[in-house]
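Structure first, then comments.
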Amino acid sequence: MSVLVTGGTGYIGSHTVVDLLNNNYDVVIVDNYVNSKPEVLNRIKTITGKMPKFYEVDCCDENAFRKVFEKENITDVIHFAGLKSVGESVQKPGLYYSNNIGSTLTLLKLMHEFDVNNLVFSSSATVYGVPDHVPLKEDDPIGGCTNPYGETKLDIEYILKYETSMCSKMNVAILRYFNPIGAHKSGLIGEDPQGIPNNLMPYITQVAVGKREHLNVFGNDYHTVDGTGVRDYIHVVDLAAGHLAALRKLTEKPGLVIFNLGTGKGTSVLELVTAFENANNIKIPYVICPRRPGDVDENYADASKAFKEMGWEAKLNIVDACRDSWNWQKNNPKGYDK
Ligand code: NAD
Ligand code: UD1
């Protein structure tokens, strides 16, 4: 009785594996290290005292992936594996479609073959496109994604809806993440972006550690509290807990369920900068720059459904996340590279 965690050595996957092991789940990780490092496994062992089973396999490689299903007694799957860079997806749309959708189709085929019926899928608030109101509820319209990355998440959501409507045994939880930040409190695992970070928090921590001179704030003329973009920043440890709540939900055999995982609170870029400065007593120099194409004014969740139906809610706040992101970055200035 094991939980298969695809992409389990990545940022959100590693935090979820820690929570699963601490709650006595048997875990089998499959990852091809396209965006993660083997060192993550040692860090997971240091935190939990347990080394998870690991297979270096590309989820698009059906034959290699089938061997994992043959060897392990898999009952549930959490599918994190995927490429996630918006900019790269615009440059290489084919790669994003083949990796993200291809891996999911292969996984579904093997789940049917081995009669594995419970799946938790990593979706994103990006499926709401350009929202005309906030907070966003799960039954608000989806679509209108402005990049191939977002399109792959949308397409996979549709595939999973059809799968569950065709196969009465299948139970699927689609989790729409808002903006994950923070790190495990040990400072042993965290977000380790390759190259120049696209996302706000890793950019701030790299300014703090002296790797970048200043933060570029993309626009201060949005219709928001201070003109900078507003997002729903959720601590990755809370997000990880949302996956355990979803696994428990699937034991009720609900068919398809969809949940926003966010805090329900919006925070502007400058509010996050100030929170980081106050939490860590470090000044973050910034420069106001033009807007980044594709960005929206405000995006935050109505997360009440996850609380009502799974008893899950975010417990940590942005100050906790700023402290933990910095603790990870300062202890690992080069990420997982020594
Ligand atoms: P990540 O890049 O840190 O983790 C993804 C993991 O999947 C990596 O370890 C990578 O090596 C692995 N992987 C990718 N393609 C693979 C393949 N074909 N076979 C095997 N392994 C493969 O990303 P993350 O931030 O942990 O995100 C996890 C999931 O959540 C992704 O699907 C992402 O799109 C989604 N998501 C992330 C965010 C975010 O802001 N981090 C927001 C919304 C949704
Ligand atoms: C981005 C992606 C989204 C993806 C998510 C998680 C875009 C348009 N959206 O969301 O599809 O699901 O990441 O990977 O890329 N900001 C700065 N300076 C920076 C970086 C960001 O000012 O150096 C601002 C942005 O303009 C935005 C906020 O910070 O207002 C958050 O940005 P980011 O962390 O990239 O997340 P999203 O844009 O919400």
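FYI, it's all coordinate maths here, none of it is from the lab. Owing to the predicted nature of the structure, the values given are computational and were not obtained by experimental measurement. Because the Cβ atoms are built from the backbone with ideal geometry, glycine has one as well, and the counts that use them run over all protein chains shown.
Brief remarks on what is shown
- Filtering region 304-338 to residues that are touching a residue at least 24 places away in the same chain (Cβ under 8 Å) and of a type in the set (A, V, I, L, M, F, W, C) leaves ALA306, MET310, TRP312, ALA314, LEU316, ILE318, VAL319, ALA321, CYS322, TRP326, TRP328.
- LEU119 being crowded, with 23+ Cβ neighbours inside 10 Å, of a type outside the set (Ser, Thr, Tyr) and more than 16 Å from ligand 2 (Cβ to nearest atom): yes
- If the condition is being over 28 Å from VAL127 (Cβ atoms) and part of a helix (DSSP H, G or I), then region 62-91 contributes ASN63, ALA64, ARG66, LYS67, VAL68, PHE69, GLU70, LYS71.
- Restricting attention to region 65-102, the residues that are near ligand 1 (Cβ under 9 Å from one of its atoms), within 30 Å of GLY294 (Cα to Cα) and of a type in the set (Phe, Trp, Tyr) add up to 1.
- Residue check for THR146: buried (at least 19 other Cβ atoms within 10 Å of the Cβ), of a type in the set (S, T, N, Q) and not in a strand (DSSP E or B): no
- Listed by first and then second residue, the pairs linking a residue in region 39-51 that is over 10 Å from LEU188 (Cβ atoms) and free of Cβ contacts under 8 Å to residues at least 60 places away in the same chain to a residue that is among the hydrophobic types (A, V, I, L, M, F, W, C) and surrounded by 16 or more Cβ atoms within 10 Å (Cβ to Cβ), with Cβ atoms under 6 Å apart and 6 or more places separating them unless they lie on different chains, are LEU41/PHE54; THR48/VAL18; THR48/LEU21; LYS50/LEU21.
- Helices (runs of 4 or more DSSP H) (entirely within region 221-325) containing at least 1 residues that are among the aliphatic types (A, V, I, L, M), within 10 Å of ligand 2 (Cβ to nearest atom) and surrounded by 15 or more Cβ atoms within 10 Å (Cβ to Cβ): 269-280
- Given (1) within 11 Å of ligand 1 (Cβ to nearest atom); (2) surrounded by fewer than 21 Cβ atoms within 10 Å (Cβ to Cβ), index of the condition SER165 fails: (1)
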